[in-house]
Amino acid sequence: MKKTIKFLFAAISMFLLLQGCGERGPVGPEGPQGPQGPAGPEILPTSFEFEVDLLQSNNFEHFQEIPSQIEVFNSDVMLAYVFEDYIPEEDLEIWRKLPITEFNDRGTQLLDYDFSFIDVRIFMDANYRLGTADELENLLIRAVHIPANFLNNGKAQKVKKAETFGEMQSMLGRDVQQLQIK
């Protein structure tokens, strides 16, 4: 009796297993259209680029006026990136988020930024006296203005921690509009 039950169980299991291995049937009809989703953000993040020389003659700082097309509010976020490299084989730009801390034999050097309603300031600071050996020329900076009402769901803190420009765009879930400064 036990052998018969084991045989029937094995036969039924094998039958069910082989039935599931057949070809797929035809695809059914498309379902009804779902409801309209919520509207996207009214204001998109905007970026602009500018060149910077951090020299002893300008106290290792550069003030860049924010383009008039960008209206900055008290709650908005501004991020800054420095162009670091270009890989032509992949047509890939590498951007590094500020601040950047460098350690050298004289101490610690910092490349950083701050912003207001009207400008972005790129500056260099150190725990030693900066000199001509520390000068940087032709830095390409990309500043990104992110309206706070776009980030009202807690994304602001995540975006601030983004290490790359691409990572920031990925967190926002959209491309950042670039303005051309003339």
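The values are calculated or read from the model by the stated rules, or taken from the named source; none is laboratory data. From a predicted model like this one, the values you see are computed outputs, not experimental measurements. Note: ideal-geometry Cβ built from the backbone for every residue, glycine included; neighbour counts use all protein chains shown.
A few comments on the model shown:
- For the stretch 83-115, a residue qualifies if it is among the hydroxyl-bearing types (Ser, Thr, Tyr) and in contact (Cβ under 8 Å) with a residue 12 or more places away in the chain, and the qualifying residues are THR108, TYR113.
- Once the stretch 110-156 is narrowed to residues that are polar (S, T, N, Q) and under 19 Å from SER57 (Cβ atoms), the residue that is modelled with the lowest pLDDT is THR132.
- Any chance GLU71 is among the charged types (D, E, K, R), farther than 19 Å from GLU163 by Cα and free of Cβ contacts under 8 Å to residues at least 60 places away in the same chain: yes
- Counting only residues that are surrounded by fewer than 18 Cβ atoms within 10 Å (Cβ to Cβ) and either in contact with a strand residue (DSSP E or B) (Cβ under 8 Å, 6 or more places away or on another chain) or of a type in the set (Val, Ile, Thr) (or both), the stretch 108-125 holds 8 of them.
Residue-wise test of (1) outside any strand (DSSP E or B); (2) over 22 Å from the mean Cα position of the chain (by Cα); (3) under 18 Å from LEU136 (Cα atoms); (4) modelled with pLDDT under 95.
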| site | (1), (2), (3), (4) |
| --- | --- |
| PRO41 | yes, no, no, yes |
| LEU44 | yes, no, no, yes |
| ASP53 | no, yes, yes, no |
| PHE63 | no, yes, yes, no |
| VAL72 | yes, no, no, yes |
| TYR81 | no, no, yes, no |
